[in-house]
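Asks: Below is the structure I would like to discuss, written out as structure tokens.
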Amino acid sequence: MGTGHVTLQHLLIISTVLLLGTPVEGLVRIALKKLPVGQNRLVAGEDAQTFLVQHHGLVHNEEPQPPPKSDIVILKNYQNAQYYGEVGIGMPPQNFTVIFDTGSSNLWVPSSECYSSTSCHLHKSYTASRSSTYTKKGKRVSIHYKTGAIAGYISQDNVQVGGLVVKKQDFIEASFEPSITFMLGKFDGIVGLGFKEMSFGVKGGEIVFGGVDPNHYKGRHMYVPVTKKGYWKFDMGDVLIGGNSTGLCKSGCAAIVDSGTSLLTGPTAIITEINWTIGIPRRVSKACKNVVSKFGRQILDLLLKRMCDHIPIPAGESSVECGEIKFMPDVSFSIGAKQFVLKPEQYIVKIGEGDDTRCMSGFSAMDAPPSGGPLWILGHIFMEAYHTVFDYGNMKIGFAETA
């Protein structure tokens, strides 16, 4: 068996991946669009077949080659936050808008038999009777995400991605989608590009299968080994603010590269320090209020004046003054033997245009269980700055500056 790459470039250019068979002409491109910020990252659930891995060989290019003429699917951009493209299921193909998510491992779309969920009525649905290549399997499955869940059953059909067709691919027909996330999303379903162990403002970009496009990056990639199958997980070193160590990850932290996450998520201690440094308004913490209220009005008033008003809220959407961006520090991530630097204009998210533009921190706090140690999730903000190679065959991830 060969090897495969997935690469992510500015605005999520995934150039290579867990292959859908061997592309005769070389690279297979799927252009990406973006969806709005605010739906949180998704965490995959239980027993369903994984997409793009099962029954298919992988291709590896030892040296980057100029991209030959290849099939392209446009990826759209919606309010600079998430990427989505199109796949076809069945014969003739029934087309769906999907998120390509390296943070989960299942392919699902709404089923025509989803009657009770509003989300299904607002999006395209798969109708088995319209496909001549459909095979019934019927196993019931459910997937639990951080923002909700879906339930349905396994079916099998041909799946078209770009100009390639994966025959007899298992996928989930979702017959129950209670989450408001899926109801309001611009996408119909999800294509999971994670490992099978997880199963049960600008134009967008493109996803490229089968190789690495040298036009997408500068210099050479820094590769680090995948430390755990499931997510694309690796070991990362110190995080620096303006060249100064934050300390917590100096002896090492785990990190995940996830195309299903918009922001940069990390330990509360470091995120708070970053957001404090870049000038997040010191809003009153509700948790602080609840605690001190038990000890009397006098203590409460004192704490609100002297402490709670000065605690930034690391886990929420933290607004900053757009005019202050040029004065904010760089934030650097130590990966392998290299520092990967994010400039303020790269980690600050701008929403809206002209006089209505709002700016918010691209950092959000989330603490992993103590047994797992400190964890970072590097989402779109990092991928926009650094072309990312997901090398499945060699179990490694590579990063290089985007072109």
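The values are calculated or read from the model by the stated rules, or taken from the named source; none is laboratory data. Only a predicted model underlies this, so the values are computations on that prediction, with no experimental measurement involved. Virtual Cβ from ideal backbone geometry, glycine too; neighbours counted across all protein chains shown. Quick note on the areas: whole protein, heavy atoms, side chains included, nothing else; ligands and nucleic acids left out. Shrake-Rupley method; radii C 1.70, N 1.55, O 1.52, S 1.80 Å.
Asks: So, in the stretch 97-112, of the ones that are open to solvent by less than 10 Å² (accessible area, probe 1.4 Å) and hydroxyl-bearing (Ser, Thr, Tyr), which residue ends up modelled with the highest pLDDT?
Replies: For the stretch 97-112, the residue satisfying everything is SER111.
Asks: Of all the residues that make up the stretch 239-257, how many are modelled with pLDDT of 90 or more and either charged (D, E, K, R) or within 30 Å of LEU107 (Cβ to Cβ) (or both)?
Replies: Summing the residues that are modelled with pLDDT of 90 or more and either charged (D, E, K, R) or within 30 Å of LEU107 (Cβ to Cβ) (or both) in the stretch 239-257 gives 4.
Asks: Okay, moving on. For the stretch 322-359, give me the residue count where each residue is out of contact with any strand residue (DSSP E or B) (no Cβ under 9 Å at 6 or more places or on another chain) and either crowded, with 18+ Cβ neighbours inside 10 Å or acidic (Asp, Glu) (or both).
Replies: Counting residues in the stretch 322-359 that are out of contact with any strand residue (DSSP E or B) (no Cβ under 9 Å at 6 or more places or on another chain) and either crowded, with 18+ Cβ neighbours inside 10 Å or acidic (Asp, Glu) (or both) gives 4.
Asks: Another question, if that's okay. Working only within the stretch 105-147, note down all residues that are within 15 Å of MET183 (Cα to Cα) and among the hydrophobic types (A, V, I, L, M, F, W, C).
Replies: Of everything in the stretch 105-147, those that are within 15 Å of MET183 (Cα to Cα) and among the hydrophobic types (A, V, I, L, M, F, W, C) turn out to be TRP108, VAL109, CYS114, CYS120, LEU122.
Asks: Also, quick follow-up: Please go through the stretch 219-241 and give me each residue that is over 20 Å from the mean Cα position of the chain (by Cα) and over 13 Å from LYS338 (Cβ atoms), ordered by number.
Replies: Within the stretch 219-241, VAL239, ILE241 meet the criteria.
Asks: So if I check each of TYR145, TYR115, TYR126, which one is open to solvent by 30 Å² or more (accessible area, probe 1.4 Å) and aromatic (Phe, Trp, Tyr)?
Replies: The unique qualifying residue is TYR115.
Asks: Could you list all residues from the stretch 156-174 that are more than 12 Å from PRO110 (Cβ to Cβ) and open to solvent by less than 10 Å² (accessible area, probe 1.4 Å)?
Replies: ASP157, VAL159, VAL161, VAL166, GLN169, ASP170
Asks: Applying the selection to the stretch 360-403, what residues are assigned to a helix (DSSP H, G or I) and open to solvent by 20 Å² or more (accessible area, probe 1.4 Å)?
Replies: If the condition is that a residue be assigned to a helix (DSSP H, G or I) and open to solvent by 20 Å² or more (accessible area, probe 1.4 Å), then PRO370, SER371, GLY372, GLU384 are the ones that fit.
Asks: Okay, next question. Among the residues that make up the stretch 222-229, is at least one of them modelled with pLDDT under 85, among the hydroxyl-bearing types (Ser, Thr, Tyr) and surrounded by 14 or more Cβ atoms within 10 Å (Cβ to Cβ)?
Replies: So far as the stretch 222-229 goes, no, none of its residues is modelled with pLDDT under 85, among the hydroxyl-bearing types (Ser, Thr, Tyr) and surrounded by 14 or more Cβ atoms within 10 Å (Cβ to Cβ).
Asks: Return a yes/no flag: does the stretch 156-164 have any residue that is among the β-branched types (Val, Ile, Thr) and modelled with pLDDT of 95 or more.
Replies: Checked against the condition, which is being among the β-branched types (Val, Ile, Thr) and modelled with pLDDT of 95 or more, the stretch 156-164 yields at least one hit.
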